[in-house]
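Quick note: the coordinates plus some simple rules give every number you see, no bench work behind them. Fair warning: this is a prediction, and the values are worked out from it, not measured in the lab. A quick note on method: Cβ atoms are made from the backbone with ideal geometry, for glycine too, and the neighbour counts reach across all protein chains shown.
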Amino acid sequence: MTAISPSLAIAPEGNLTRYLQEIRKFPMLAPDEEFQLAKRYREHDDTEAANRLVTSHLRLVAKIAMGYRGYGLPIGELISEGNVGMMQAVKRFDPDRGFRLATYAMWWVRAAIQEYILHSWSLVKIGTTAAQKKLFFNLRKLKGQMQAIDEGDLSPENVRRIAEELDVPEADVISMNRRLSSPDHSLNAPLRAEGEGEWQDWLVDEHDSQESQLAEREELGQRRRLLSAALESLNERERNILTQRRLKEEPVTLEDLSQHYGISRERVRQIEVRAFEKIQKSMQGGASTRMM
């Protein structure tokens, strides 16, 4: 199926009032007409039919988008994202199921707008689970119903009611409310009115300096080279036993190695200890040579 281009829908940029006036010019579709257009697009990839299906529902998109005005984002952007959801709905709409496109599309439109809002907020890391997303998008509505929309911290009673209503922990309600109530601040904002210094100048970098990181990488690389050279000084059996016993995340048991080589477990242990001592001596000698 050919993808529907976003150019099929009018972009709600510039004057919002003018955009709303323009989309009213597209006629609503009768059920039979909508069915035939959907069949044409589904069976023949008729983009003109898809265009009529989308444009006839732009008013629905705008209405849904208006319900998300409380999140501090331009309404034009919300409508644009909703239009993308509308196009996705038309692509997947099956008229033979017997329901209207608007009933099906409203879920796609809402999902597109909600995802855009989540990705636009700097605190959106909270919106990673279905419960958190539900809380994010329902908290303002419930606060409005409780006439607590302008409150700072919610009262314990309101916190409890919201937590029960949305089936989330009370701590999540408190945390979400504080994040939604606190505006983001730029790290480039000046510390003083005179404009000297910025907030980011006071951030402490807890990581090691680049010089320290470079020195650590060089030291690690040198140790690996010394270990590789030391392993070469062992015979094949010593190298394999030491590797299996000391250099693997899950060491092989003495019993397994004793059966593999046909020797006792005690003999395997002795070979392991002797090989490890050889490695230590070789690496110490290599380190001493490097320091000279």
What is the sum of charges around ALA102, taking Lys and Arg as +1, Asp and Glu as -1, for the other residues whose C-beta is under 13 Å from the C-beta of ALA102? +3
If I take every Cα pair under 8 Å that is 6 or more residues apart in region 221-291, average their sequence separation and divide by the length, what percent do I get for the relative contact order? 40
For the residue pair SER120 and THR47, what label-to-label distance in nm results when each label sits 7 Å from Cα along the Cα-to-beta-carbon direction? 2.8
Below 12 angstrom from the Cβ of LEU58, what's the summed charge of the other residues (Lys, Arg +1; Asp, Glu -1)? +4
Here the net charge surrounding MET87, from other residues whose Cβ is less than 13 Å away from its Cβ (Lys, Arg +1; Asp, Glu -1), is +2
Förster-model FRET efficiency, 30 Å R0, GLU232 and GLN259, C-beta, rounded to 0.05: 0.65
Return the FRET efficiency for the residue pair ALA171, ILE75: r is the Cβ-Cβ distance, R0 is 45 Å, and the value is rounded to the nearest 0.05. 0.85
